[in-house]
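Below is one structure, written out as structure tokens; comments come after it.
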Amino acid sequence: MWVYEKKLQYPVKVSKCDPRMARYLIEQYGGADGELSAALRYLNQRYTIPSKVIGLLNDIGTEEFAHLEMIATMVFKLTKDATPEMMEAAGLAPHYVNHDNALYYENAGGVPWTATYIAAKGDPLADLYEDIAAEEKARATYQWLIDMTDDVDIQDSLKFLRQREIVHSLRFREAVEILKADREQKKVY
């Protein structure tokens, strides 16, 4: 189903070792509104959505995995040269004790990822409105992450991701309008 190109969707550069920023970025790795949750939400919802918008959920869900890969790369690069003392100073001591520098699906507060983050109501409009909200929450989080760093390289990657969230939100809004128009059409059987 997928063709994997051994390159990121957008280049990820890091100017310095910064475990503090890595801690914040983990929110987008394993948080409720992070990339894993989004990918799984959309790829799950596609099974109960009208055929007119299945492709949209499939495309965006797949792209979210590419964003997850970018976040993982940023976190790895920000922590790969960190000492245990640096990890502790950044508030990552519990993570380090349990996982060393390995990535683990958790939020910025250290709470493990859970399947309860995946919304699926089965009503196409309810699910799409949830998806719009998820994209807007991710957009806001990316803006706050941009504000938390002075690393222009990290900011560049985060700005790319923020812009993709905006595009996804717009596409989900278009899908809502498609389904609303389809509902209003007179059906002849």
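The values are calculated or read from the model by the stated rules, or taken from the named source; none is laboratory data. Keep in mind that this is a model prediction, so the values were computed, not measured. For neighbour counting, all protein chains shown are included, and Cβ atoms are generated from backbone atoms with ideal geometry for every residue, glycine included. Note: areas computed on protein heavy atoms with side chains; ligands, DNA, RNA excluded. Shrake-Rupley method; radii C 1.70, N 1.55, O 1.52, S 1.80 Å.
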- Out of the residues in segment 74-103 that are polar (S, T, N, Q) and farther than 18 Å from Asp150 by Cα, which is most open to solvent (accessible area, probe 1.4 Å)? Asn98
- Message: For segment 139-155, which positions are part of a loop (DSSP other than H, G, I, E, B), open to solvent by 70 Å² or more (accessible area, probe 1.4 Å) and acidic (Asp, Glu)?
- Response: Asp150
- Query: Looking at this structure, is Ile71 β-branched (Val, Ile, Thr), farther than 22 Å from Tyr47 by Cβ and within 13 Å of the chain's Cα centre (by Cα)?
  - Reply: yes
- Can you tell me which of Gln28, Gln45 is of a type outside the set (A, V, I, L, M, F, W, C) and more than 24 Å from Asp150 (Cβ to Cβ)? Gln45
- Restricting attention to segment 19-44, which residues are among the polar types (S, T, N, Q) and either surrounded by fewer than 24 Cβ atoms within 10 Å (Cβ to Cβ) or touching a strand residue (DSSP E or B) at 6+ places or on another chain (Cβ under 9 Å) (or both)? Asn44
- Task: Kindly indicate whether any position in segment 14-34 is among the charged types (D, E, K, R), within 14 Å of Asp127 (Cβ to Cβ) and part of a helix (DSSP H, G or I).
- Result: no
- Message: Test of understanding: among Glu177, Glu136, which residue is out of contact with any Phe, Trp or Tyr (no Cβ under 8 Å at 6 or more places or on another chain), without any contact (Cβ under 8 Å) to a residue 40 or more places away in the chain and either open to solvent by 80 Å² or more (accessible area, probe 1.4 Å) or not in a helix (DSSP H, G or I) (or both)?
- Response: Glu177
- Message: Being free of Cβ contacts under 8 Å to residues at least 60 places away in the same chain and surrounded by fewer than 16 Cβ atoms within 10 Å (Cβ to Cβ): is that true of Thr62 here?
- Response: no
- Can you name every residue in segment 115-133 that is closer than 20 Å to Lys180 by Cβ and assigned to a helix (DSSP H, G or I)? Pro124, Leu125, Ala126, Asp127, Leu128, Tyr129, Glu130, Asp131, Ile132, Ala133
- Message: Looking at the structure I just gave you, is Ile54 closer than 17 Å to Asp131 by Cα, in contact with a Lys or Arg (Cβ under 8 Å, 6 or more places away or on another chain) and not hydroxyl-bearing (Ser, Thr, Tyr)?
- Response: yes
- One residue from Asp123, Asp127, Asp147, Asp182 being free of Cβ contacts under 8 Å to residues at least 12 places away in the same chain and under 19 Å from Leu56 (Cα atoms): Asp123
- Residue among Leu158, Leu170 that is surrounded by fewer than 18 Cβ atoms within 10 Å (Cβ to Cβ) and part of a helix (DSSP H, G or I): Leu170
